[in-house]
Amino acid sequence: MFVTYAQNVNLIYPYMQVKIDTKEKFTVVTPLNEELTDNLAADWVKTCQTCLSAAQKDIVLNMSEVKSISAEGANLLFNTQQQFYESGASFVICCLQPDVEAFLDEAEVLEMLNITPTESEAWDILQMEAIERELLDDDHPETHI
């Protein structure tokens, strides 16, 4: 499924284009814009946040098409990841382009993000985190009361 978001009809902005692929246990969100500006980043965060209320809360954010990201976009990545983990869901980023990875490293955000080189490895992380959550839930049965 492709989704296009209009920024503001009174202003001329590029549209956020994103591919959403819903799998059995997670969703892959792929921004299709090469540049992730402040406005576009805010739009894809909204797209990701809608997944928190879906049956498949876990997200793989495939950044293969993104060639540059703004400072606000980098902060939104980190904040969105934190929101997912606080909600008991996983948020894994994969397929970073070298320039985006370098920017995130320079912004001192890279080490705080859950990043894998490939989408397949991101799926593995999601599975491991789901198992970890199940084990933690089993260790604390009083939380199910």
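The values are calculated or read from the model by the stated rules, or taken from the named source; none is laboratory data. Here the structure is a predicted model, which means the values were calculated and not measured. Cβ atoms come from the backbone with ideal geometry, glycine included; neighbour counts cover every protein chain shown.
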Filter result for Val100 (within 20 Å of Glu35 (Cα to Cα), β-branched (Val, Ile, Thr), at pLDDT 90 or above and out of contact with any Leu (no Cβ under 7 Å at 6 or more places or on another chain)): yes
Whichever residue in the range 79-92 is out of contact with any Leu (no Cβ under 9 Å at 6 or more places or on another chain) and assigned to a helix (DSSP H, G or I) and, among such residues, is farthest from Leu110 (Cα to Cα): Glu86
Those residues of the range 70-95 which are under 20 Å from Cys51 (Cβ atoms) and among the aliphatic types (A, V, I, L, M), in sequence order: Leu76, Leu77, Ala89, Val92, Ile93
Evaluation of Val92 against (1) closer than 17 Å to Lys25 by Cα; (2) crowded, with 18+ Cβ neighbours inside 10 Å; (3) at pLDDT below 95 (one fails), failing number: (3)
So Asp43, is it more than 14 Å from the chain's Cα centre (by Cα) and over 23 Å from Arg133 (Cβ atoms): no
Residue in the range 117-132 that is in contact with a helix residue (DSSP H, G or I) (Cβ under 7 Å, 6 or more places away or on another chain), under 15 Å from Leu61 (Cβ atoms) and modelled with pLDDT of 95 or more present: no
